[in-house]
Amino acid sequence: MPAKVNVQLAVGAPRADGFHDLANVFLAVDLYDEVTVTPADALRVTVSGPDAHLVPLDRTNLAARAAELLAARHGVADSGVHIHIAKDIPVAGGMAGGSADGAGALLACDALWGTGATRAELLDICAELGSDVPFSLVGGAALGRGRGELLTPLDVGGTFHWVFALADGGLSTPAVYRECDRLRADADVPEPEPSPVLLEALRIGDADALAAAMANDLQPAAVSLRPALADTLRAGTDAGAFAALVSGSGPTTAFLAADADAAEHIAAALRASGTCRTARVAASPAPGATVVAR
């Protein structure tokens, strides 16, 4: 299951249900978590990899919830399962690692139990799990409408190279949205719409045009809550990144590079800058969740 970067995140005004309408342009990148499921007497979650101790092992974990929802829908009597998550996607970093784990567990349990769920049903369960989970299943590139769960696949005409700078600690997504609302309380917030220039840049694989069009309406809120992110963003652009932005609700920051060599250079500069915990390179687009039998 791949991580994601939001190359555009346009956020509307708060809805009556507390969510926000979005125009969310997702791009999957080749940092992956791996979810393994095996029969067990009861539902159990274990985690390994970087920052594994920060991942919940109870039913608040989206992978556990995915297994429970699938079992309930299909009346799986013997639904005990051991879910092991091997983490490589940064934890609590705004890159949808938890959502990827939910999508991966859903697909894996469907294969383990032979439920035969349709693609549409799997996407419906993903949407019930969370706004980013459907894209984790689909991968590639897509425009997310509604709260991000209503997906339209997008064409991508080339490979884009990224650097992700990882911050110490996480940021609460609800807190970032609340701060966004506070900062815009007196503003006339327009209906969120995707940028035609950005969609065309993706279609033709033009990194320069994509850099000029990237935007994240949550970035001011994330920087307000974590001012040090401004130093990280500046360090990446000083190192030659075409563009820099907070990834989703943060605190991970994303930098678009000219090519793979430039990405390595930017990552090294960020690691040396003292403005982040570490930096990772990745490329996009990447495929969505897939099943590998063992």
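Sorted by accessible area (1.4 Å probe), largest first, how do VAL37, VAL7 line up? Provide the component values of the computation, followed by the final result.
Details: VAL37 25, VAL7 0 Å².
The most accessible residue leads, giving VAL37, VAL7.
Could you please put VAL292, VAL35 in sequence from largest to smallest accessible area, using a 1.4 Å probe?
Numbers: VAL292 110, VAL35 25 Å².
Result, largest first: VAL292, VAL35.
Not counting ligands, DNA or RNA, and with a 1.4 Å probe, what is THR290's accessible surface area in Å² rounded to the nearest 10?
100 Å²
Using only the Cα atoms of the chain, what are the Rg and Dmax in Å?
18.6, 57
Quick check: from the Cα gyration tensor, does region 192-294 come out rounded (a/c under 1.5), prolate or oblate? Could you put the intermediate results ahead of the total?
Values: a/c = 1.36, a/b = 1.17, b/c = 1.16.
It comes out rounded by the Cα gyration axes.
Computing the accessible area with a 1.4 Å probe over protein heavy atoms, can you report the carbon and sulfur percentage for the chain?
Numbers: 6520 of 12310 Å².
Within the chain, the accessible surface is 53 percent carbon and sulfur.
Tell me, what is a quarter of the convex hull surface for the C-alpha atoms of region 87-138, in nm² with one decimal?
Values: hull surface 14.3 nm².
Computed as one quarter of the Cα hull surface, the answer is 3.6 nm².
What does the convex hull of the Cα atoms of region 102-190 come to per residue, in Å³, rounded to a whole number? Walk me through the numbers before you get to the answer.
Values: hull volume 15.8 nm³, N = 89.
It is 177 Å³ per residue.
If you split all Cα-Cα distances of region 1-143 into 5 Å bins from zero, what percentages do you get per bin, shortest first?
Here the calculated profile for region 1-143 is 2, 10, 20, 22, 20, 14, 8, 3, 1, 0.
How much length would be gained if the chain were fully extended between GLU121 and ASP188, taking 0.36 nm per residue of separation minus their Cα-Cα distance, in nm to one decimal? Walk me through the numbers before you get to the answer.
Values: separation 67, 0.36 × 67 = 24.12 nm, distance 3.74 nm.
Residue separation times 0.36 nm, minus the Cα-Cα distance, leaves 20.4 nm.
From the mean inverse distance of alpha carbon pairs (Kirkwood) and the Cα radius of gyration, derive Rg over Rh for region 162-246.
For region 162-246, the value is 1.00.
Using 16 Å as the cut-off for backbone N distance, which residues of region 121-142 belong to the label zone defined by a point 7 Å from the Cα of ARG203 along Cα→Cβ?
141-142
Taking only the alpha-carbon atoms of region 1-43, what semi-axes of the equivalent ellipsoid follow from 5 times the gyration tensor eigenvalues under a square root, in whole Å, largest first?
Values: eigenvalues 204, 76, 4 Å².
Semi-axes, largest first: 32, 19, 4 Å.
With N set to the residue count of region 190-230, report its C-alpha Rg divided by 2.2 N^0.38 Å to two decimal places. Write out the running numbers ahead of the final one.
Numbers: Rg = 13.0 Å, N = 41, 2.2 N^0.38 = 9.0 Å.
For region 190-230, the normalised Cα radius of gyration comes out at 1.45.
How many Å² of accessible area per residue for region 161-254, probe 1.4 Å? Let's see the in-between values first.
Details: 4180 Å² over 94 residues.
I get 45 Å² per residue for region 161-254.
Show ARG59, ARG226 ordered by accessible area, largest first, where the area counts protein heavy atoms only and the probe is 1.4 Å. Write down the numbers at each step before the final one.
Working: ARG59 135, ARG226 55 Å².
The ranking, largest first, comes out as ARG59, ARG226.
Between ALA111 and THR60, 0.36 nm times their residue separation minus their Cα-Cα distance comes to what? Don't jump to the answer; show the numbers that get you there.
Values: separation 51, 0.36 × 51 = 18.36 nm, distance 2.25 nm.
Residue separation times 0.36 nm, minus the Cα-Cα distance, leaves 16.1 nm.
ALA52 to ARG73: FRET efficiency via 1/(1 + (r/R0)^6), r the Cβ-Cβ distance, R0 41 Å, to the nearest 0.05? Before the final figure, lay out the partial values.
On the way: r = 29 Å, r/R0 = 0.72.
Approximately 0.90, to the nearest 0.05.
Quick one: what are the phi-derived ³J(HN,Hα) couplings along region 71-82, Karplus 6.51/-1.76/1.60 with θ = phi - 60°, whole Hz, x for glycine and proline?
Karplus-based 3J(HN,Hα) across region 71-82 equals 4, 5, 5, 10, x, 6, 6, 9, 9, x, 8, 9 Hz.
The values are calculated or read from the model by the stated rules, or taken from the named source; none is laboratory data. These numbers were taken from a predicted model, which means no experiment stands behind them. Counting neighbours? That spans all protein chains shown, and the Cβs are built from the backbone with ideal geometry, glycine included. These area figures cover heavy atoms from the full protein model, side chains too; ligands, DNA and RNA do not enter into them. Shrake-Rupley method; radii C 1.70, N 1.55, O 1.52, S 1.80 Å.
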